[in-house]
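Here's the structure, in structure tokens; my notes come after.
Bear in mind that the values in this text are calculations on the coordinates, not laboratory data. Values in this document were obtained by computation on a predicted structure and should not be read as measured data. For neighbour counting, all protein chains shown are included, and Cβ atoms are generated from backbone atoms with ideal geometry for every residue, glycine included.
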């Protein structure tokens, strides 16, 4: 059983693309990637398993960051702006 699926937006069927756009509340660019992760309820890992999960998350975030283009300060400004909108219910 697979719990993670990553697809390029340009590869999605129109009905799937529309569903993702409806969930996100915005149009998708053809060069974006969509990731869907499904998980059931479970206890948070502890000890060594927790550290391994943390390490895997950091590796994944580093991979995602390596794909980003553009000035870092501009990307941070946009992230702060979006986070502010989410926190304060604007958007």
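Rounded, prolate or oblate for the stretch 45-91? Axes are the square roots of the Cα gyration tensor eigenvalues, ordered a ≥ b ≥ c, and the cut-off for rounded is a/c under 1.5.
Cα axes put the stretch 45-91 in the oblate bin.
If each DSSP helix of 4+ residues adds -39,500 (n - 2.57) and the sum is divided by the residues in the chain, what number results at 222 nm, nearest 500 deg cm²/dmol?
-17500 deg cm²/dmol
May I ask you to derive the relative contact order of the chain, considering only C-alpha pairs under 8 Å and at least 6 residues apart, and to give it as an integer percent?
Averaging sequence separation for qualifying contacts and normalising by length gives 26 percent for the chain.
Find the Rg to Rh ratio for the chain, where Rh is the Kirkwood radius over alpha-carbon pairs and Rg uses the same atoms.
1.01
Give me the number: length gained by fully extending residue 58 to residue 23, i.e. 0.36 nm times residue separation minus the C-alpha to C-alpha distance, one decimal in nm. Write out the running numbers ahead of the final one.
Values: separation 35, 0.36 × 35 = 12.60 nm, distance 2.60 nm.
Separation in residues times 0.36 nm, less the Cα-Cα distance, equals 10.0 nm.
Ranked by Cβ crowding within 10 angstrom, fewest neighbours first, how are 31, 11 ordered?
With the sparsest Cβ surroundings first, the list reads 31, 11.
Take residue 8, project a point 7 Å from its Cα along the Cβ direction, then tell me which residues of the stretch 51-91 have their backbone nitrogen under 20 Å from it.
So the set is 63-70.
To the nearest 0.05, what FRET efficiency results for residue 32 and residue 88 with a Förster distance of 25 Å applied to their C-beta separation? Intermediate results must be reported in sequence, preceding the final value.
On the way: r = 26 Å, r/R0 = 1.02.
My answer for the efficiency is 0.45.
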